[in-house]
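Below: one structure, written as structure tokens.
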């Protein structure tokens, strides 16, 4: 139980800017096996977004409240997954060999494809949120981060690591079938609680899109990286918002 709680706290500290002033002794295995809690971390982020949205909507027009809530999301996550999204697209769409793609992805500078995908995803998120039924928006804010982090969990669980070293190796190398099954089970429970049978259908679709995105983004380099896990998180959130718009 102590190890389980430690890994949960570790995931919150790593994937969010939520201040938890606790020093944790951990190793690479803790990062990988801690990914089982990715849906729970997503639910925590979603809970904060739900609360801030309800606050903003008290004194702001709905469109403005959506924009401000997106800014809150960027602050809570520190832009971690957006950074991975930009790096992934800079590398994958460079048209270079595997070694050069990995070098581009590890470069801290952002390129044209990175800028374009960031603009495209952020605008798409805002447009989709702006067109979702106002009564459904609270649930959308609550569950979108869960859908995204399911994507990261699945991608890590089904992939090999594309580099020789790096922080992503800790997640991908130690996230195995056990973590994958438990994490997916947790996500089904979360979605069922808030959306009933619709939630079961939606989370199944989100799981499938995560597998598809993993295949598309990893086939050129023969595996995943930490950046790719972040990219799939953001893209899976976009897919979830589209599903909510069409189904609910």
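Note on region 71-105: residues that are in a helix (DSSP H, G or I) and in contact (Cβ under 8 Å) with a residue 40 or more places away in the chain total 19. Within region 11-38, residues that are free of Cβ contacts under 8 Å to residues at least 24 places away in the same chain reach partners that are in a loop (DSSP other than H, G, I, E, B) with beta carbons closer than 8 Å, at six or more positions or on different chains, in the pairs 13/20; 13/22; 13/24. Residue 221 meets the conditions (1) buried (at least 19 other Cβ atoms within 10 Å of the Cβ); (2) in a helix (DSSP H, G or I) in every case but one. The failed one is (2). Based on what the data block shows, is residue 74 surrounded by 17 or more Cβ atoms within 10 Å (Cβ to Cβ), on the phi < 0 side of the Ramachandran plot and touching a helix residue (DSSP H, G or I) at 6+ places or on another chain (Cβ under 8 Å)? When the stated conditions are applied, residue 74 does not pass them. The one condition from (1) at pLDDT below 95; (2) within 26 Å of residue 88 (Cβ to Cβ); (3) buried (at least 16 other Cβ atoms within 10 Å of the Cβ) that residue 215 does not meet is (3). Quick check: anything in region 81-90 more than 19 Å from residue 151 (Cβ to Cβ), out of contact with any strand residue (DSSP E or B) (no Cβ under 7 Å at 6 or more places or on another chain) and surrounded by fewer than 17 Cβ atoms within 10 Å (Cβ to Cβ)? Within region 81-90 (the criterion being more than 19 Å from residue 151 (Cβ to Cβ), out of contact with any strand residue (DSSP E or B) (no Cβ under 7 Å at 6 or more places or on another chain) and surrounded by fewer than 17 Cβ atoms within 10 Å (Cβ to Cβ)), the answer is no, since none of the residues qualifies. When region 111-142 is limited to residues that are over 19 Å from residue 90 (Cβ atoms) and without any contact (Cβ under 8 Å) to a residue 24 or more places away in the chain, the one that is farthest from the chain's Cα centre (by Cα) turns out to be 135. Looking only at residues in region 1-21 that are surrounded by 10 or more Cβ atoms within 10 Å (Cβ to Cβ) and outside any helix (DSSP H, G or I), the one that is nearest to the chain's Cα centre (by Cα) is 16.
Residue 230 falls short of the stated requirement of being surrounded by fewer than 19 Cβ atoms within 10 Å (Cβ to Cβ), under 29 Å from residue 106 (Cβ atoms) and touching a residue at least 60 places away in the same chain (Cβ under 8 Å).
The values are calculated or read from the model by the stated rules, or taken from the named source; none is laboratory data. Bear in mind that the values here come from a model prediction, so they are computed numbers and not experimental data. Every residue, glycine as well, gets a Cβ built from its backbone with ideal geometry; the counts of neighbours run over all protein chains shown.
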